[in-house]
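Participant: First, the structure itself, so that you have it in front of you.
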Amino acid sequence: MSIVPRLFSGRRSSIFDPFSLDIWDPFKDFQIPSSSSEASALVNTRVDWKETPEAHVFKADLPGIKKEEVKVEVEDGNVLQISGERNFEKEDKNDKWHRVERSSGKFTRRFRLPENTKMDHIKAAMENGVLTITVPKNEVKKPDVKSIDISG
């Protein structure tokens, strides 16, 4: 009898199926403590970073957060920091919660920007719960090419 089937939720088959949904999850009992909503909010703040020929563009999903609750800062000259706080929903003593999946609390995301960015021209906009930060790039100087005449 193989040891592999015993690790995967006690299946009796000796055939290992990597696509089976019945696999052992080492993190299934790992939970973020409820008092640490800050860590939970950090995990749920999704950010995309793309580079175009003209700029670096960051898009952060921040549903339900007003632009006044978000800070965009540059630290140490080249670290872009996005931070804010997702407020708790007011509880009523008569409410009966069935599921709480939306995170609340403080969040922070930091990105080290490359040297070819114009820090003084960063722009940020918030629309439909998506924060878009545009960091323009310095123009790439083409090398000066000087033609030399060949004698002889």
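The values are calculated or read from the model by the stated rules, or taken from the named source; none is laboratory data. The model shown is predicted, which means the values in this text are computed figures rather than measured ones. Counting neighbours? That spans all protein chains shown, and the Cβs are built from the backbone with ideal geometry, glycine included. With ligands, DNA and RNA removed, areas are computed over all heavy atoms of the protein, side chains included. Shrake-Rupley method; radii C 1.70, N 1.55, O 1.52, S 1.80 Å.
Participant: Evaluate the following for Lys59: is it closer than 26 Å to Trp49 by Cβ, open to solvent by 100 Å² or more (accessible area, probe 1.4 Å) and in a strand (DSSP E or B)?
Facilitator: Considered against the rule, which asks whether it is closer than 26 Å to Trp49 by Cβ, open to solvent by 100 Å² or more (accessible area, probe 1.4 Å) and in a strand (DSSP E or B), Lys59 comes out as no.
Participant: Please enumerate the residues belonging to the stretch 44-56 that are outside any strand (DSSP E or B) and under 16 Å from Thr108 (Cα atoms).
Facilitator: Selection gives Asn44, Thr45, Arg46.
Participant: Val74 - would you say it is of a type outside the set (Lys, Arg), modelled with pLDDT of 90 or more and either under 25 Å from Leu113 (Cα atoms) or open to solvent by less than 100 Å² (accessible area, probe 1.4 Å) (or both)?
Facilitator: So Val74 passes the test.
Participant: So, one more: Report yes if Leu80 is modelled with pLDDT under 75 and either of a type in the set (A, V, I, L, M, F, W, C) or under 16 Å from Ala125 (Cα atoms) (or both), otherwise no.
Facilitator: No, not satisfied.
Participant: If the requirement is being under 12 Å from Thr45 (Cβ atoms) and of a type in the set (Val, Ile, Thr), which of these qualifies: Ile122, Ile65?
Facilitator: After ruling out the rest, the residue left standing is Ile65.
Participant: Looking at this structure, is Glu91 touching a Phe, Trp or Tyr at 6+ places or on another chain (Cβ under 9 Å), modelled with pLDDT under 90 and open to solvent by 100 Å² or more (accessible area, probe 1.4 Å)?
Facilitator: Values: touching a Phe, Trp or Tyr at 6+ places or on another chain (Cβ under 9 Å): yes; modelled with pLDDT under 90: yes; open to solvent by 100 Å² or more (accessible area, probe 1.4 Å): yes.
The answer is yes for Glu91.
Participant: Identify the residue in the stretch 119-143 that is within 29 Å of Glu85 (Cβ to Cβ) and free of Cβ contacts under 8 Å to residues at least 24 places away in the same chain and, among all such residues, is least open to solvent (accessible area, probe 1.4 Å).
Facilitator: Checked the stretch 119-143; the qualifying residue least open to solvent (accessible area, probe 1.4 Å) is Ala125.
Participant: Could you give every pair whose Cβ atoms fall below 8 Å, whose first residue belongs to the stretch 102-116 and is within 13 Å of Val72 (Cα to Cα), and whose second residue is open to solvent by less than 100 Å² (accessible area, probe 1.4 Å) and of a type in the set (Phe, Trp, Tyr), counting only separations of at least 6 or pairs across chains?
Facilitator: Phe111/Phe58
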